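Here you go, one structure.
The values are calculated or read from the model by the stated rules, or taken from the named source; none is laboratory data. Bear in mind that the values here come from a model prediction, so they are computed numbers and not experimental data. Please note: Cβ atoms are built from the backbone with ideal geometry, for glycine as well, and neighbour counts cover all protein chains shown.
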Amino acid sequence: MSNAALISFGLTRDVPFAAERVWKVMGDFSRLPEWFPGIAEFSSEGNHPGAVRTIVIPPFPPVKHRLTIQDDAAMFTEYRVVDGPGLSEATGFVVTIRVVPRGESACHVDWQARLAQRPALVPEGAEAAFALRTEQNYVRALDYFCALLGKGAEQEAG
């Protein structure tokens, strides 16, 4: 399998919140349902490399992610989609999130995804539409997350 991405997409955005505040929630593999809307079912083995989480966003079947890198000091995480509709380890679906401080009360969020192979359920020639649709979901999730932070709704870690 080639290391080159067949499909890639993502978003980068400056947000008006301290990096530590954003990372505390967005960088925690097991806190996804708190900031990614539409998740109906969720389970997670934790926030350490090797942990697997399962999400269900209706009407789709479960999707499993495996955390591969968790670097809290660098505010960087990477996970792979290992199972889901038309997806497997072979698809090479890798997602990264990096939060970069921009002063005391702002940061830069860089959320990227790449796939080495076209998912089985994506028709040939529809890769760009798949990327756009998934990227739009990322934009909606980050918008929702920022609205929650703006309202002070994030939970403090125990």
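With the checklist (1) in a strand (DSSP E or B); (2) surrounded by fewer than 20 Cβ atoms within 10 Å (Cβ to Cβ); (3) without any contact (Cβ under 8 Å) to a residue 40 or more places away in the chain; (4) among the hydrophobic types (A, V, I, L, M, F, W, C) in hand, flag the one item Phe93 doesn't pass.
(2)
In the set Glu45, Glu34, Glu104, which member is in contact (Cβ under 8 Å) with a residue 60 or more places away in the chain and either at positive phi or over 16 Å from the mean Cα position of the chain (by Cα) (or both)?
Result: Glu104 is the single residue among Glu45, Glu34, Glu104 that is in contact (Cβ under 8 Å) with a residue 60 or more places away in the chain and either at positive phi or over 16 Å from the mean Cα position of the chain (by Cα) (or both).
Moving on. Name the one entry in Ala141, Ala51 that is touching an Asp or Glu at 6+ places or on another chain (Cβ under 9 Å), small (Gly, Ala, Ser), surrounded by 17 or more Cβ atoms within 10 Å (Cβ to Cβ) and at pLDDT 95 or above. Working first, answer last.
Numbers: Ala141 fails: touching an Asp or Glu at 6+ places or on another chain (Cβ under 9 Å).
Answer to the check: Ala51.
Conditions first: (1) surrounded by fewer than 18 Cβ atoms within 10 Å (Cβ to Cβ); (2) under 16 Å from the mean Cα position of the chain (by Cα); (3) at positive phi. Met75 passes all but one, so which condition is the exception?
(1)
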